[in-house]
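The block underneath contains the structure these notes are about, expressed in structure tokens.
The values are calculated or read from the model by the stated rules, or taken from the named source; none is laboratory data. In this text, all values refer to a predicted model and were calculated from it rather than measured experimentally. The area values use the complete protein model at the heavy-atom level, side chains included, leaving out ligands, DNA and RNA. Shrake-Rupley method; radii C 1.70, N 1.55, O 1.52, S 1.80 Å.
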Amino acid sequence: MNPPIASVLFVCVHNAGRSQMAAGFLAQLAGDRVEIRSAGSLPAERVNPAAVEAMREAGIDISAARPTLLAAEAVQASDYVITMGCGDACPVFPGKHYRDWELPDPAGLGVAGVRPIRDAIRARVTALVAEIDTHAAR
């Protein structure tokens, strides 16, 4: 087995919706080629049930995911740091690829409200995988 070609950290405030959905899509699209982390600046107690259901509709099970507190070590250990509304809570280290994905917070939304956010995340993760593959090929 080859080592991962990159590591990605997805960060949102509660680590209960956007970042968990992004991690689920990345796992599906990249498999073990990419090391995946997700965290939140103020993690919730559990993953948003509407996000779990929306991802289930897309064929991805994130029901076992647990919100995790963002640690500077996770940022340092990641090649790509994707933030989704965590503001200045995310520490910045040189040499990392930072991306800020402006996406609505799915907190308090039903499955119907989460679907468009899920679909936007899928599109961005697909583009991220292409970017990672391009960098790895160099």
Solvent-accessible area, 1.4 Å probe, carbon plus sulfur percent, for segment 50-123:
53 percent
So what is the diffusion coefficient of the chain in µm² per second by Stokes-Einstein at 10 °C and 1.306 mPa s, using a Kirkwood Rh over Cα pairs?
108 µm²/s
Segment 5-132, accessible area per residue, ligands and nucleic acids excluded (1.4 Å, Å²)
45 Å²
For segment 7-72, evaluate the Debye formula with one uniform point scatterer on each Cα (no solvent term) and list log10 I(q)/I(0) at q = 0.16, 0.22 Å⁻¹, rounded to two decimals.
-0.45, -0.84
